[in-house]
Amino acid sequence: MIADLLTILKKDLTLDLRRAENFIAMLFFSVIILLVFSFSLPPDEEAHQSLAPGVYWVTFLMSGMLGLSKNFQLEKEMGCMEALLIAPISRGAIFMGKMLGTLVFLLLMQMILIPVFSLLFYSPAMGFFFELLGLSAVTALGFASLGTLLSGLTTDVRFKEILLPILLFPLLVPLLLAAVQIMSGIFAGQGFQAELDWLKLLVGFDLIFLIAAYLTFDFVMEL
Amino acid sequence: MGFSRILGLATALALAVTFYLVFVWAPLEQAMGFVQKIMYIHVPSVLVCYAAFFIAFLASIGYLWKRKEGYDVAAYAASEVGVIFCGLTLVTGAIWGRPTWNTYWTWDARLTTTLILFLIFVGYLLLRRFVEYSEQQARFAAIIAIIGFMDIPLIHQAVTWWRTLHQPSTMFSRKGQMIDDPLKWMLYLSMVAFYLLFAYLLTKRIQMERAERELHRMLANAE
């Protein structure tokens, strides 16, 4: 199971790194969203402090969506899906491989997004680089779990570009609220200590939906 | 006389009696006055909506487990009726909120949870529309219903920490007399009427869905 999972993860990451256009597109999309926010919100630094967590996570959600929708698209275009399903590996391994691929992809993006965010929107953010990266990892896990399940589910569906966010965003409300609150605590200089309840909620969300998505993925991928 | 016809007559009778008593017999509430009478629609609607989504959740689990089409039909019908009552709850709540809280909408925990619940199940119905009618549609929809239902406690916890304004539940509060007796009995009666209405709509919708699928099958066979 672990070996199968790693094979799929390796395949996805290799494909992503060789065809860097996905990553570059996602990165520039997030820069453009940050620009749009900078233009449309009041320019003073004080306002930016209270707006920064919201702006960051909305940027994360929007650009993360791009990363999700390509998840199964590649398999579809090349006709690999059937081969993957016929292969003697469990659906759980496919799910975990895909999910971890998305997670790594998202974390790589965050590593670049945090400096860009601090450059364009809220300069003190860079001082909390590692806290933010840690928070991003926890948030991205929940996002990647539900996102992988739902992007697998909507691969065949008409209008999937619109249906995926409609299904995904309401489900992600607790994740978004928790991430925003914890980030405000980090920006206030209190690290993770300030919002421990939110952190518990966030970790609980991750665990519940990691397990639920892992279990229900079998039903998505039936031949 | 069939079961659904008896149910329909009983519903019509119960609704007529309820509406007569609401306007003629039930005393005016002291603080809020006439507008409080909207409670007799608002509270039963939300309870029916919870019941409907719970049925959809159970039927979805049943479908993934047993793969009987009946479960899928029940889940579809229940969530469709549930969305209508959820919408009714939001609309009557807004009408009630305007004179009592001086605003149609506020980002209170319960209002927000109900709205997100509404959005999740609207997404569920959209998914049903976008996926071709098949056994695949049933599987996908069941997953959304299960995941969505599991998310509700987390959403509720998150938005409760976020903000709270709604009066605590009048019906299930343990703090003793929060509601006068005549109003309470009136509310119980309207609840019975609404549950009857729900049962009637549900059986009708299930019959309709069955007939529709039968028709689909016959047309497919004829081709």
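The values are calculated or read from the model by the stated rules, or taken from the named source; none is laboratory data. Quick caveat, the model's predicted, so the values are computed rather than measured. All Cβ positions, glycine included, derive from the backbone under ideal geometry; neighbour counts span all protein chains shown.
At a glance:
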item	result
Residue match in segment B:76-97 (condition: crowded, with 19+ Cβ neighbours inside 10 Å and touching a Pro at 6+ places or on another chain (Cβ under 7 Å))	no
Any hit, segment A:91-98, residues being at pLDDT 85 or above, in a helix (DSSP H, G or I) and aromatic (Phe, Trp, Tyr)	yes
B:VAL83 being aliphatic (A, V, I, L, M), within 27 Å of B:GLU135 (Cβ to Cβ) and within 14 Å of chain A (Cβ to nearest Cβ)	yes
Selection count, segment A:142-163, where residues are among the hydrophobic types (A, V, I, L, M, F, W, C) and more than 10 Å from chain B (Cβ to nearest Cβ)	2
Condition check for A:ALA179: over 15 Å from the mean Cα position of the chain (by Cα) and either more than 7 Å from every other protein chain (Cβ to nearest Cβ) or of a type in the set (Ser, Thr, Tyr) (or both)	no
Odd one out for A:PRO124 among (1) of a type outside the set (Val, Ile, Thr); (2) farther than 19 Å from B:PHE140 by Cα; (3) more than 10 Å from every other protein chain (Cβ to nearest Cβ); (4) within 18 Å of the chain's Cα centre (by Cα)	(4)
Residue ID - modelled with the lowest pLDDT, chosen from residues in segment A:178-217 that are among the charged types (D, E, K, R) and buried (at least 16 other Cβ atoms within 10 Å of the Cβ)	A:GLU195
Residues that are within 30 Å of A:ASP156 (Cβ to Cβ) and touching a residue at least 60 places away in the same chain (Cβ under 8 Å), drawn from segment A:179-211	A:PHE205, A:ASP206, A:PHE209, A:LEU210
Residues satisfying the stated conditions in segment B:147-160, i.e. facing chain A (nearest Cβ under 7 Å) and either under 14 Å from A:PHE219 (Cα atoms) or polar (S, T, N, Q) (or both)	B:ILE147, B:GLN157
Subset of segment A:127-149 [under 13 Å from the mean Cα position of the chain (by Cα) and of a type outside the set (Ser, Thr, Tyr)]	A:LEU133, A:LEU135, A:ALA137, A:VAL138, A:ALA140, A:LEU141, A:GLY142, A:PHE143, A:ALA144, A:LEU146, A:GLY147, A:LEU149
Candidates A:SER118, A:SER50, A:SER63 - the one that is modelled with pLDDT under 90, under 28 Å from A:MET221 (Cα atoms) and among the hydroxyl-bearing types (Ser, Thr, Tyr)	A:SER63
Subset tally (residues that are surrounded by fewer than 17 Cβ atoms within 10 Å (Cβ to Cβ) and under 24 Å from A:PHE128 (Cα atoms)) for segment A:80-107	2
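Let's see how each residue does on (1) among the small types (Gly, Ala, Ser); (2) free of Cβ contacts under 8 Å to residues at least 40 places away in the same chain; (3) surrounded by 18 or more Cβ atoms within 10 Å (Cβ to Cβ):
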{"residue": "A:GLY127", "(1), (2), (3)": "yes, yes, no"}
{"residue": "A:LEU133", "(1), (2), (3)": "no, yes, no"}
{"residue": "A:PHE159", "(1), (2), (3)": "no, yes, no"}
{"residue": "A:LEU164", "(1), (2), (3)": "no, no, yes"}
